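Visitor: One structure, as structure tokens, below. Some questions next.
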Amino acid sequence: MASDNLSHLAAFAAVARHRSFRKAGGELTLSTSAVSYAVRALEERLGVGLFHRTTRSVALTEAGQRLLDRLQPALGQVHDALEEMNKFRDSPTGLLRINAARAAVPTQLGPRLTRFLRAHPDVRLELTENDGLVDIVADGFDAGVRLHEFVPEDMVAVPLGPALHGMIVASPEYLRRHPAPQHPRDLLQHECIRFRFASGHLYKWQFDRDGQSLEIDVRGRLTLSEQTTIMRAVLDGFGLAYVLEDAARPHLEAGTMVAVLQDWSEPFPGFVLYYPKQRQMASALRAFVDMLRE
């Protein structure tokens, strides 16, 4: 077997994960042309095409998918063996890849990243912001960040912060034109800015008070999937929106937003960093988790 087989297989797996030669090169710290050469050499050695390539997309062929399915467990074992050697190092090293919900980054995750990297100069960190429910193992991530309720049961979850509060907000201008709702059901008479998850699911607004829970499928002409855009629509006076208190607080303090139905808002479990139970922890991930637990 050629001595460069393993590096070619690693390049193939990275391209398969990212569906991109450029992004695979970023992960492997190689040029795009070097990754392309490695994959082409592997295809020539095997005598089959592994990817369908166009100017806009990269997709696995049937043979490529079959190879990836067989290859992933073996590469995982190699990864774990190398990470086990890091136990003998004085400091963690390697690439830490995290897939995080966008809403968690500004207040929960982002402020910790540079502090972590300053403390561990041999670690590289790659953050992908994505609101979809991804398979972090299949997509090559070391960890994910989501609300606790969305974390799979076979994962270890480490809280990023305290419980969160959701709240209904509107601009003063909107409330001058429309009476403020006094009960969650009053929202059905209002223009509400709806939120759609990356999965396509529309969020139904949830309320709790004194043990009573309500779920309201609000109405509205505007549906968005990014909190910053939702906040902009609220500030423009378009309607009411359900947002996280952390995001709304600067606007509440400035008087450009007003919270309503606050007595129907109770805290819920916040964002967590999660990772597989059964997998050997990378030294960089272990150091990051230790920092969170401190």
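Visitor: Is it the case that the stretch 85-101 has a residue that's modelled with pLDDT of 85 or more and β-branched (Val, Ile, Thr)?
Guide: Yes.
Visitor: Follow-up. If a residue must be farther than 20 Å from residue 290 by Cα and part of a loop (DSSP other than H, G, I, E, B), how many such residues does the stretch 137-150 contain?
Guide: Adding up the residues that qualify gives 4.
Visitor: Out of everything in the stretch 218-263 that is under 15 Å from residue 164 (Cβ atoms) and open to solvent by less than 40 Å² (accessible area, probe 1.4 Å), what residue ends up being modelled with the highest pLDDT?
Guide: Applying the filter and picking the extreme gives 259.
Let's see how each residue does on (1) among the basic types (Lys, Arg); (2) open to solvent by 40 Å² or more (accessible area, probe 1.4 Å); (3) closer than 18 Å to residue 157 by Cα; (4) in contact (Cβ under 8 Å) with a residue 12 or more places away in the chain:
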| position | (1), (2), (3), (4) |
| --- | --- |
| 97 | yes, no, yes, yes |
| 101 | no, no, yes, yes |
| 109 | no, no, yes, yes |
| 114 | no, yes, no, no |
| 118 | yes, yes, no, no |
| 133 | no, yes, yes, yes |
| 139 | no, yes, no, yes |
| 142 | no, no, yes, yes |
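Visitor: On to the next question. Of all residues in the stretch 11-30, count the ones that are assigned to a helix (DSSP H, G or I) and open to solvent by 20 Å² or more (accessible area, probe 1.4 Å).
Guide: Going through the stretch 11-30 one residue at a time, the tally reaches 8.
Visitor: Report, ordered by the first and then the second residue, all pairs with beta carbons closer than 9 Å, sequence separation of six or more or different chains, a first member in the stretch 172-193 that is in contact (Cβ under 8 Å) with a residue 24 or more places away in the chain, and a second member that is surrounded by 13 or more Cβ atoms within 10 Å (Cβ to Cβ) and acidic (Asp, Glu).
Guide: Filtered contacts from the stretch 172-193: 174/191; 180/186.
Visitor: I would also like to ask the following. Among strands (runs of 3 or more DSSP E) lying entirely in the stretch 210-294, which contain 3 or more residues that are touching a Lys or Arg at 6+ places or on another chain (Cβ under 9 Å)?
Guide: Answer list for the stretch 210-294: 212-216, 222-224, 271-276.
Visitor: Among (1) more than 30 Å from residue 251 (Cβ to Cβ); (2) not in a loop (DSSP other than H, G, I, E, B), which single condition is residue 169 missing?
Guide: For residue 169, the exception is condition (1).
Visitor: If you don't mind, there's one more thing I want to ask. Return the residue satisfying two criteria in turn: it lies in the stretch 178-217 and is touching a Gly at 6+ places or on another chain (Cβ under 8 Å) and over 13 Å from residue 241 (Cβ atoms), and of such residues it is least open to solvent (accessible area, probe 1.4 Å).
Guide: 197
Visitor: Report yes if residue 283 is open to solvent by 20 Å² or more (accessible area, probe 1.4 Å), among the small types (Gly, Ala, Ser) and under 26 Å from the mean Cα position of the chain (by Cα), otherwise no.
Guide: Here the answer is no, as residue 283 does not meet what is asked.
Visitor: Only residues in the stretch 201-214 that are farther than 14 Å from residue 268 by Cα count as the first member; pair them with residues that are part of a loop (DSSP other than H, G, I, E, B), Cβ under 6 angstrom, at least 6 apart or cross-chain, and list the lot.
Guide: Note: pairs meeting the criteria are 204/217.
Visitor: Restricting attention to helices (runs of 4 or more DSSP H) lying wholly within the stretch 31-136, give those where 1 or more residues are within 29 Å of residue 231 (Cα to Cα).
Guide: Filter on the stretch 31-136 gives 110-119.
The values are calculated or read from the model by the stated rules, or taken from the named source; none is laboratory data. The model shown is predicted, which means the values in this text are computed figures rather than measured ones. As a convention, Cβ positions derive from the backbone with ideal geometry for all residues, glycine included, and neighbour counts pool all protein chains shown. Just so you know, the surface numbers come from the protein's heavy atoms only, side chains and all, with ligands and any DNA or RNA stripped out. Shrake-Rupley method; radii C 1.70, N 1.55, O 1.52, S 1.80 Å.
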